[in-house]
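The next block holds one structure in the form of C-alpha cells; read it before the comments.
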Amino acid sequence: MIKKIFISIFLIAIFALSFFFFQEANKYKLPKEYKIEIENLIDEETPKTKNCIDEYYIKAQNEYLKIKNAKDTEYLEESVFLIDNYQRGIEVCEFNMVSMLIEKTENYANIKDKIPPTDFADTLNEFLYPYLDENNINDKKLTEINKYTSTKINEIDNFSYISLSEDDIYKQDN
C-alpha cells in the first residue's frame, strides 16, 4: 500500500514538473491574433516611421546648409545643437515604432515588469525578438527601419561633423 501511495505521489510530481517545463518552453508563443495584429502594425507604422526619419533628416540638412551658406558673423553653434537634436529625433521615430509593438505585445503577454528601462530602440528590439521569432512574425521591415535609422544618422555625421570645422561654426572677424 505504501508503495502505491509513493508511486502515485511520484507520478503526480513528475506530471506537475513536466507541465511546468512545458510552459517555460512556450512562454513566447502567443495566440494567432497576436501575429496578425503585430504584422498589421508593422505594415502600418513602417512608412510613417520612414517619413518621420526623412523629416528630421531634411531638417538636419537645412541646418547644415545654413552654416555653410552663412556670409556674416552669425553665431551658428545653435545650428550644430539643432543638428544633434534632429539626430535624436530620428532615433525617437524608431523608438516610437518599437514602443507600439511592445504595447501590442503587452495585450497578449504579461511583460510589463520585464521591459528593459531604456530609450534605445535596439535594446527594445532585442527584448521583442523572442516573441517575434517564436510566433513566426516577419521582422524584415523592423530590420530595415533599424538600418535606415543608422544610415541617416551616419549621413548626418558625415555631412555635418566631418565637413564642418570650428571656423564654420564660429565665424570670427579678425
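The values are calculated or read from the model by the stated rules, or taken from the named source; none is laboratory data. On a predicted model such as this, the values are computed, not experimentally measured, just so you know. Ideal geometry is used to build each Cβ from the backbone, glycine not excepted, and the neighbour counts take in all protein chains shown. Accessible surface areas use protein heavy atoms only, side chains included; no ligands, DNA or RNA. Shrake-Rupley method; radii C 1.70, N 1.55, O 1.52, S 1.80 Å.
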Quiz item: What FRET efficiency, computed as 1/(1 + (r/R0)^6) with R0 = 35 Å and r the Cβ-Cβ distance, is obtained for Asp122 and Ile12, rounded to the nearest 0.05?
Solution: 0.15
Practice problem: Could you rank Val98, Val80, Val92 by how accessible they are, 1.4 Å probe, largest area first? | Solution: Val92, Val80, Val98
Quiz prompt | Computed label-point distance, nm, for sites Asn138 and Ile115 using a 7 Å Cα→Cβ extension | solution = 2.7
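First measure r as the distance between the Cβ atoms of Tyr28 and Asn69, then evaluate 1/(1 + (r/R0)^6) with R0 = 41 Å and state the FRET efficiency to the nearest 0.05.
On the way: r = 53 Å, r/R0 = 1.29.
After rounding, the FRET efficiency stands at 0.20.
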Self-check item: Most to least accessible of Cys52, Cys93 (protein chains only, probe 1.4 Å)
Solution: Cys52, Cys93
Quiz item: With all protein chains present and a 1.4 Å probe, how do Asp119, Asp113, Asp84 order by accessible area, largest first?
Solution: Asp113, Asp119, Asp84
